[in-house]
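Here, each number is a calculation from the coordinates, and none is a lab measurement. Note that the structure is predicted; figures quoted are calculated from it, not measured. Don't worry about glycine lacking a Cβ; one is built from the backbone with ideal geometry, like all the others, and counts go over all protein chains shown.
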Ligand code: XIL
């Protein structure tokens with residue numbers, strides 16, 4: 001009780017001095033979360049946490065192809081715009097996710113018929129309508145998401161199949177539509193996959209050599225407590241060496257990667273998770289500030305995680321806030337750890 005009162009009074013003092021006592025106020029880069037407009041609207045605790053803890057926002061789903069472009073001749077920006085309104089009303093930086101991906105593609109796109117010129121025109125229309133709609137609102141875009149397989153080859157997709165050089169074209173199209181946007185290539189699981197990482201680095205080199213506008217690399221960071229520190233550090237180092245901006249774009253740290261039904265989120269798992277959060281933030285704090293785009297968590301509280309929803313792994317606890325949007329021990333440890341560096 002005494003501790004809680006002490007912590008509370010420290011918070012109140014900092015707030016009254018105009019200092020931000022939250023994680024985002026203790027680091028020199030944006031700290032974001034991906035958000036779901038339904039939860040923002042219906043769950044006051046979710047909304048309150050999102051507002052107090054994060055100064056950047058990504059739409060978890062509502063700017064993806066399937067959601068913004070449900071029919072060939074119809075865009076639906078309504079839900080994405082709710083995220084825009086939230087960002088504007090609460091002065092949050094907005095990151096766009098994602099223009100071109102092999103997943104969450106509407107049926108009409110999958111069934112599209114035409115030669116490569118027709119496909120390219122279709123892609124152009126999509127990328128540019130979306131980028132123009134959000135121009136001046138988003139600061140950056142994940143232009144292309146997850147194009148490489150673990151063994152380093154181009155992932156088979158409708159884009160790879162129908163549009164030669166689709167990655168470069170997507171970046172050019174996005175740049176034409178929104179010349180001020182910071183353009184990212186975003187991918188997951190580079191750690192421990194040297195061929196995948198190399199493919200990404202080769203792509204960056206190639207795009208730069210051709211003067212194709214690419215400005216950043218998104219490392220999703222859907223990692224787990226068994227992810228290897230050296231491998232994570234290596235891919236961060238390699239990414240930083242490109243000179244591009246670096247975004248840890250979808251951070252969550254799974255504690256039960258094997259999805260064991262009888263899993264208990266015990267002290268051992270919690271400690272391992274804390275160590276990983278601290279490692280990632282510490283490593284990120286050492287990146288040159290001109291390359292720090294920020295760290296974004298993939299949603300807010302443990303029950304909101306896609307690991308439970310999409311992957312149906314009910315015993316997962318990958319974020320900093322619990323089911324009641326209370327800070328977990330990991331939050332307090334991270335707060336201490338980031339302060340030690342500054
Ligand atoms: C996920 C969302 O979190 C889920 O709600 C949705 O059902 C599937 O997509 N990589 C990405 C994100 O780039 O867009 C994905 O988001 C997670 C993996």
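Estimated from the Cβ-Cβ distance and a Förster radius of 41 angstrom, the FRET efficiency linking residue 210 and residue 104 is about 0.90. Between residue 42 and residue 226, the contour length at 0.36 nm per residue exceeds the Cα-Cα span by 62.7 nm. Peptides 286-292, 127-133 ranked from most to least packed by the mean count of surrounding Cβ atoms within 10 Å: 127-133, 286-292. Among 103, 42, 224, the largest mean-square fluctuation in a Gaussian network model of the chain, built with springs joining Cα atoms closer than 10 Å, belongs to 42. If you take the alpha carbon atoms of segment 147-203 and fit the smallest convex hull around them, that volume is 86 Å³ per residue. Relative contact order for the chain: what is it in percent, counting Cα pairs under 8 Å that are at least 6 residues apart? Computed over the chain, the figure is 17 percent.
Protection proxy ranking, highest mean first, for peptides 60-66, 44-50: 60-66, 44-50, where packing is the per-residue count of other beta-carbon atoms within 10 Å, averaged.
Set against the 2.2 N^0.38 Å expectation for a compact globular protein, segment 88-242 has a Cα radius of gyration ratio of 1.07.
The length gained by stretching the chain between residue 117 and residue 85 to full extension, at 0.36 nm per residue less their Cα-Cα distance, is 7.9 nm. Could you tell me how many degrees, from 0 to 90 and to the nearest 10, lie between the Cα long axis of helix 194-209 and the main elongation axis, the longest principal axis, of the Cα atoms of the chain? The angle comes out at about 60 degrees. Taking segment 294-320 and a reference point 7 angstrom along Cα→Cβ of residue 262, the backbone N atoms nearer than 17 Å belong to 315. What percent does the relative contact order of segment 102-235 come to when contacts are Cα pairs within less than 8 Å and at least six residues apart? Once normalised by length, the contact order is 27 percent.
With all pairs of different C-alpha atoms in the average, the Kirkwood value for the hydrodynamic radius of segment 176-228 is 12.6 Å.
How far is helix 116-133 tilted, in degrees, relative to the longest principal axis of the Cα atoms in the chain, given as a value from 0 to 90 rounded to the nearest 10? Once rounded, the angle reads 40 degrees.
Please give the FRET efficiency for residue 72 paired with residue 283, using the beta carbon to beta carbon distance and R0 = 56 Å, rounded to the nearest 0.05. FRET efficiency, residue 72 to residue 283: 0.80.
When Rg is the radius of gyration of the Cα atoms in segment 224-338 and Rh is its Kirkwood radius, what does Rg/Rh come to? The Rg/Rh ratio comes out at 0.98. Once the chain from residue 272 to residue 336 is taken as fully extended at 0.36 nm per residue, the excess over their C-alpha distance is 21.4 nm.
Relative to the longest principal axis of the Cα atoms of the chain, the long axis of helix 329-341 makes an angle of roughly 80 degrees. Going by a ≥ b ≥ c, the root eigenvalues of the Cα gyration tensor, does segment 101-172 fall in the rounded group (a/c under 1.5), the prolate group (a/b larger than b/c) or the oblate group? It is oblate, given that a/c is not under 1.5 and a/b is not larger than b/c.
Write down the Å³ per residue value for the convex hull defined by the alpha carbon atoms of the chain.
That works out to 142 Å³ per residue.
Of the two radii for segment 161-257, the radius of gyration is 1.01 times the Kirkwood radius, both from the alpha carbons; that is the Rg over Rh value.
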